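What follows is a set of notes on a single structure, which appears directly below.
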Amino acid sequence: MNSAMPERKIAHKMIRLAFLALILFINTASADADVWQAAGSVSATQNNGIITLRSTSHEFGAYHIDRNTIPHTQKKFRLRFKYQTFSGANESGAFALGWRWHGAGGKLLADKGSLRPLPRSDNTFRELQVLVDIPAGATRLNLGFVPHAEPGRKTVLASIVLTDLVLDVVVPSPESLALLAKPLTKSNAEKIWPKSGLRGLNMATIGTTAANWQDPGEYTSEAAYKKMADWNVNLLRLWVNIDEGSPWDQKPGAVVPRIPATDPMAPYKRHIDAIRIALHLAEKHRIWVIITVGEVVGRRPGPIYGKEFAGPGYDRELIKVWKHIAQEFGKHPNLIGYDILNEPNTQDELRRWQSTILPSVVKEILPIDANTYIVVEPAPYGLAAGLKDFRPLAHPKTVYSFHHYAPHAYTHQKIGEYKSPEYVNKPYPGMLKRFPADPVILWDKKTLEKSMEEALAFAKTHNAIMFVGEFSALRWAPGADQWIKDSIDIFEKHGWSWAYHGFRGWNGWNPTFDANDLESNDPDGGKITPVLKVLTDSWRNNFGR
């Protein structure tokens with residue numbers, strides 16, 4: 001599944017008005033200032049490092065900084081701070097972060113700015129950060145805390161307190177730098193798929209920069225691994241994709257630059273580094289790792305749940321990436337599997353995946369590393385039905401994987417093609433469609449098991465090791481916890497390993513957020529939800545791993 005947050009219409013009339021006011025304000029801001037200062041209707045007072053901001057009238061104001069030195073070697077600035085919101089008499093607004101960029105001569109760079117409302121945090125200080133892209137030609141950044149109205153209201157009176165306000169360039173954390181410099185463990189010991197099974201999570205290893213206030217652009221920290229170890233997770237399925245914000249991070253079908261011959265992993269460098277960090281931490285916390293590849297140059301997902309793009313030569317790029325992964329990481333004792341391609345589904349893959357692409361990739365991997373298991377998904381989309389006529393690989397260390405999102409109209413309700421009332425707020429168990437063209441039938445545990453019948457038959461016929469590489473129901477789907485429990489019961493009944501989708505990334509699937517939380521890419525909601533309770537109860541089967 002694509003873990004990025006689906007597009008949402010977030011522009012409101014009052015925010016647009018505030019943004020226009022911000023543009024007017026920063027055009028008149030002092031070009032020489034490089035300190036935080038209040039202007040217009042916003043007052044600022046400080047006491048013991050706590051800054052209190054108040055809007056004193058309905059006129060526009062800001063608490064802002066002008067950063068005049070823009071390092072040419074940097075691509076982003078980062079603002080880190082802690083804050084707490086509170087409402088005084090007659091106050092109904094809140095604060096947002098607003099920024100704009102200027103070029104030579106103070107000229108405002110068109111469409112090079114943004115306005116992001118701060119989530120309310122009334123009971124405690126909340127720590128946030130935001131990454132600000134540095135556009136070409138920028139010489140000055142104006143960034144400020146700006147009062148803005150809640151949607152549908154006219155007033156912009158608001159208060160907020162700030163502390164630990166830091167504006168700096170983006171560099172990896174000291175923890176990440178130390179792990180990147182540390183040599184990986186290497187071993188020639190034979191890897192054996194655990195008979196007791198693997199039970200874990202899909203996880204994003206780099207914090208996405210959009211709609212993420214917690215760790216934008218940062219590698220996953222050891223604190224997250226400690227939490228997963230406390231949950232008794234013993235498997236992580238981790239992704240290698242094209243790096244966000246790189247020159248190769250383009251929409252499907254767009255022209256992308258050539259990959260330098262001297263740096264063939266340039267499009268994936270941060271993801272490769274993230275795997276290195278992950279293997280160190282997985283080893284420390286006794287967690288197995290499966291690596292999967294979803295995006296390579298020439299193959300990109302389209303709009304969420306739409307068609308994917310696969311252009312000429314993407315299969316050669318896939319081989320190149322896997323050869324590098326096998327050479328760099330194949331001897332690590334915690335790397336248990338190579339999941340060759342996430343959800344093959346393009347027209348080209350429907351024709352050539354099993355006959356040509358898959359065997360070509362495996363042929364290149366095995367001379368480098370025949371010890372790590374090859375994990376294979378069928379086309380289309382890794383669905384169990386794709387295993388009906390699937391021919392097993394000759395390699396003895398092969399695991400067969402499918403993804404379980406049935407009924408799709410239930411697990412994906414409110415997103416993609418399932419936004420109409422026909423699909424929204426439909427409970428499980430209940431009368432549901434699988435896909436839009438299918439009839440409404442009763443979906444319960446028995447129906448779930450029947451939806452996996454091709455996988456069951458394949459496993460029995462070929463005595464295959466089976467792995468459910470992804471399964472999930474959106475957190476607002478009524479009865480999601482029961483759907484997950486019933487699904488896990490079926491996996492356990494048949495001795496299949498599994499990985500829930502997912503922790504971190506877009507929070508629609510994240511078990512640490514509950515049904516009513518706002519959508520975001522924040523990695524951790526910090527809640528023990530009914531879904532998380534089902535998962536942690538199941539992960540206890542990994543005790544003694």
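The values are calculated or read from the model by the stated rules, or taken from the named source; none is laboratory data. Here the structure is a predicted model, which means the values were calculated and not measured. Please note: Cβ atoms are built from the backbone with ideal geometry, for glycine as well, and neighbour counts cover all protein chains shown. Each accessible area value is taken on the protein alone, full model and side chains, heavy atoms only, with ligands, DNA and RNA left out. Shrake-Rupley method; radii C 1.70, N 1.55, O 1.52, S 1.80 Å.
With respect to the conditions (1) out of contact with any Ser or Thr (no Cβ under 9 Å at 6 or more places or on another chain); (2) open to solvent by less than 30 Å² (accessible area, probe 1.4 Å); (3) within 26 Å of ASN334 (Cα to Cα); (4) among the small types (Gly, Ala, Ser), SER246 lacks only one, and its number is (3). No other residue among ILE206, ILE192 is surrounded by fewer than 18 Cβ atoms within 10 Å (Cβ to Cβ) and among the hydrophobic types (A, V, I, L, M, F, W, C) apart from ILE192.
Filtering the stretch 115-131 to residues that are among the aliphatic types (A, V, I, L, M) and either part of a loop (DSSP other than H, G, I, E, B) or open to solvent by 80 Å² or more (accessible area, probe 1.4 Å) (or both) leaves only LEU118.
For the stretch 499-515, a residue qualifies if it is open to solvent by less than 10 Å² (accessible area, probe 1.4 Å), over 14 Å from GLY207 (Cα atoms) and aromatic (Phe, Trp, Tyr), and the qualifying residues are TYR500, TRP509.
Scan the stretch 383-414 for residues that are in a helix (DSSP H, G or I), farther than 20 Å from HIS462 by Cα and open to solvent by 10 Å² or more (accessible area, probe 1.4 Å) and the total you get is 1. Considered as a group, the residues in the stretch 461-484 that are open to solvent by less than 30 Å² (accessible area, probe 1.4 Å) and part of a helix (DSSP H, G or I) include one that is nearest to GLN413 (Cα to Cα), and that residue is ALA480.
Which is part of a strand (DSSP E or B), of a type outside the set (A, V, I, L, M) and within 29 Å of the chain's Cα centre (by Cα), of ASP168, ASP215?
ASP168
Set side by side, the residues LEU358, LEU350 differ, and just one is in a helix (DSSP H, G or I) and open to solvent by less than 10 Å² (accessible area, probe 1.4 Å), which is LEU358. Considering only residues in the stretch 132-146 that are modelled with pLDDT under 90 and outside any loop (DSSP other than H, G, I, E, B), the one that is least open to solvent (accessible area, probe 1.4 Å) turns out to be VAL132. With respect to ILE374, determine if the residue is free of Cβ contacts under 8 Å to residues at least 60 places away in the same chain, touching a helix residue (DSSP H, G or I) at 6+ places or on another chain (Cβ under 8 Å) and assigned to a strand (DSSP E or B). Answer is yes for this residue.
Going residue by residue through the stretch 173-180, is there one that turns out to be in contact with a strand residue (DSSP E or B) (Cβ under 8 Å, 6 or more places away or on another chain), open to solvent by less than 10 Å² (accessible area, probe 1.4 Å) and touching a residue at least 60 places away in the same chain (Cβ under 8 Å)? The answer is yes; a qualifying residue exists. Number of residues in the stretch 521-545 that are surrounded by 15 or more Cβ atoms within 10 Å (Cβ to Cβ) and of a type in the set (D, E, K, R): the value is 3.
Here is the figure for the stretch 485-498: residues that are closer than 16 Å to LEU532 by Cβ and surrounded by fewer than 24 Cβ atoms within 10 Å (Cβ to Cβ) total 2.
Looking at ARG78, ARG54, just one residue is closer than 19 Å to ARG140 by Cβ and either open to solvent by less than 20 Å² (accessible area, probe 1.4 Å) or part of a strand (DSSP E or B) (or both), and that residue is ARG78. Would you say LEU518 is of a type in the set (A, V, I, L, M), in contact (Cβ under 8 Å) with a residue 60 or more places away in the chain, open to solvent by 20 Å² or more (accessible area, probe 1.4 Å) and part of a loop (DSSP other than H, G, I, E, B)? So LEU518 passes the test.
Within the stretch 232-255, track down each residue that is assigned to a loop (DSSP other than H, G, I, E, B) and either closer than 28 Å to VAL376 by Cβ or of a type in the set (D, E, K, R) (or both).
Within the stretch 232-255, ASN232, VAL233, ASN234, ASN241, ILE242, ASP243, GLU244, TRP248, ASP249, LYS251, PRO252, GLY253 meet the criteria.
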